[in-house]
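Read through the structure below, which is laid out as structure tokens, and then see the notes.
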Amino acid sequence: MGAMKSCSIHHHVATLVIVLLFNLCCFGKAADRQEEGLGASFIFGDSLVDAGNNNFLSTLSKANIPPNGIDFKASKGTPTGRYTNGRTIGDIIGEELGSPNYAVPFLSPNSTGKAILYGVNYASGGGGIMNATGRIFVNRLGMDVQIDYFNITRKQFDKLLGPSKARDYIMKKSIFSVTIGANDFLNNYLLPVLSIGARISQTPDAFIDDMLSHLSTQLTRLYQLDARKFVIGNVGPIGCIPYQKTINQLKEDECVELPNKLALQYNARLKDLLAQLNENLPGALFVHANVYDLVLDLITNYKQHGFITSSKACCGNGGQFAGIIPCGPTSSMCAERSKHVFWDPYHPSEAANLIIAKKLLYGDTKAISPMNLKQLRDH
């Protein structure tokens, strides 16, 4: 009897220790628990999904200042380098697919050891498909560099799990999400000062050609590093962000035509590229996320989604839509953060991110095709 009693006490103590270890994010056996669900979530892209990489760069594009992250529960409202008030779309998707931890920023000192089994985030504010994109910010990680960094992670997986298990984990269980392209227009092609050379010498068609041939090479490189399940976001309606509406002095329900036209032109061609890659890369599955329509729906039908405005930034300064000066300690901030589609002059609020993420997770083929992310995980 005594032995049984001490056994059950040990059991309780053990349970407590496990719970404590889990709460302290010491991952112990968590990796084994993941066998059923999602493996790693690898996130590539720009400030829409940056989770703090730019904190570690000397760059003009940073979000590690308040009130950014004011609603991010994991940091108790301290800024983490996410360009929104709470979670990014990438955070929400990982959570919903069953990952117990957010993908860790590659440049963060704790992106080592078992932490990477849940995934790694390579995204960088200001980053683009083209290497010249975002030069205005001095430093940022473009897509080529992000893939160089994944190559480093890929080798770490071999060390952690052994080559054959690592390959399986990355090919069958992990999802690669890419949210990139907006900066190639906003902070490259459409920038009067820096891209004057490119714009004189390149028509929109030629620039978009360039973008897609670069992206094709980049996605093929990931495939060669064993990526198989991809979700690729198209470019959103960048002519409708508060920044564009403010500098072009538009009315509340107007959007700037040229940026949207360029985005739509790129998006149509992106769809063709993904179909081509699905055909040419055996075993790969490229899922197309229709971010443009999802965001446009939020902007157009904001009232039906429970928002009070889709033109004014919640946190920002300048002009009619608070769209000129990015969000920072001296910015004015709206009272109801969950009622604004846009958190700052460029980025959606957590409330908007949540609606978009849910559509990508569980939506129909209008939102995401040929399957949604829940189906992709189980595929």
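The values are calculated or read from the model by the stated rules, or taken from the named source; none is laboratory data. Just so it is clear, the structure is predicted and the values come from calculations on it, not from any experiment. Don't worry about glycine lacking a Cβ; one is built from the backbone with ideal geometry, like all the others, and counts go over all protein chains shown.
Some observations on this one:
- Among the residues making up region 286-305, those that are in contact (Cβ under 8 Å) with a residue 40 or more places away in the chain and either aromatic (F, W, Y) or on the phi > 0 side of the Ramachandran plot (or both) are F286, Y292.
- The set of residues in region 66-106 that are among the acidic types (D, E) and under 15 Å from the mean Cα position of the chain (by Cα) comprises D91, E95, E96.
- From the list I247, I241, the one residue that fits, being in contact with a Gly (Cβ under 8 Å, 6 or more places away or on another chain) and modelled with pLDDT under 95, is I247.
- When F157 is tested against the conditions (1) buried (at least 17 other Cβ atoms within 10 Å of the Cβ); (2) under 21 Å from the mean Cα position of the chain (by Cα), the lone failure is (2).
- Within the set K271, K312, the sole residue that is among the basic types (K, R), in contact (Cβ under 8 Å) with a residue 12 or more places away in the chain and in a loop (DSSP other than H, G, I, E, B) turns out to be K312.
- Consider region 317-359 and keep the residues that are among the charged types (D, E, K, R) and part of a loop (DSSP other than H, G, I, E, B). The one that is farthest from the chain's Cα centre (by Cα) is E336.
- Residue that is farthest from T59 (Cα to Cα), among those in region 71-111 that are acidic (D, E) and part of a helix (DSSP H, G or I): E96
- Just one residue in the set R140, R221, R228 is at pLDDT 95 or above, basic (K, R) and within 19 Å of the chain's Cα centre (by Cα); that residue is R228.
- Any hit, region 13-29, residues being touching a Lys or Arg at 6+ places or on another chain (Cβ under 6 Å), surrounded by fewer than 23 Cβ atoms within 10 Å (Cβ to Cβ), at pLDDT below 95 and in a loop (DSSP other than H, G, I, E, B): yes
- Residue match in region 235-254 (condition: of a type in the set (K, R), surrounded by 24 or more Cβ atoms within 10 Å (Cβ to Cβ), closer than 28 Å to D91 by Cβ and touching a residue at least 40 places away in the same chain (Cβ under 8 Å)): yes
- Count of region 300-323 residues which are out of contact with any strand residue (DSSP E or B) (no Cβ under 9 Å at 6 or more places or on another chain), modelled with pLDDT of 95 or more and either more than 23 Å from L360 (Cα to Cα) or of a type outside the set (G, A, S) (or both): 5
- All conditions in (1) outside any loop (DSSP other than H, G, I, E, B); (2) under 30 Å from S61 (Cα atoms); (3) basic (K, R) hold for K374, with the sole exception of (2).
- Residues (within 14 Å of G90 (Cα to Cα) and either not assigned by TED's automatic domain parsing to the domain that holds Y169 or not in a strand (DSSP E or B) (or both)) located in region 112-124: Y118, G119, Y122, A123, S124
- The combined condition, being part of a helix (DSSP H, G or I) and farther than 30 Å from R228 by Cβ, is fulfilled by N260.
- Residue within region 215-222 that is outside any helix (DSSP H, G or I) and either within 16 Å of Y266 (Cβ to Cβ) or basic (K, R) (or both) present: no
- Annotation for region 364-377: no member residue is crowded, with 23+ Cβ neighbours inside 10 Å and touching a Pro at 6+ places or on another chain (Cβ under 8 Å).
- Residue that is farthest from the chain's Cα centre (by Cα) [pool: residues in region 280-309 that are among the polar types (S, T, N, Q) and assigned to a helix (DSSP H, G or I)]: N280
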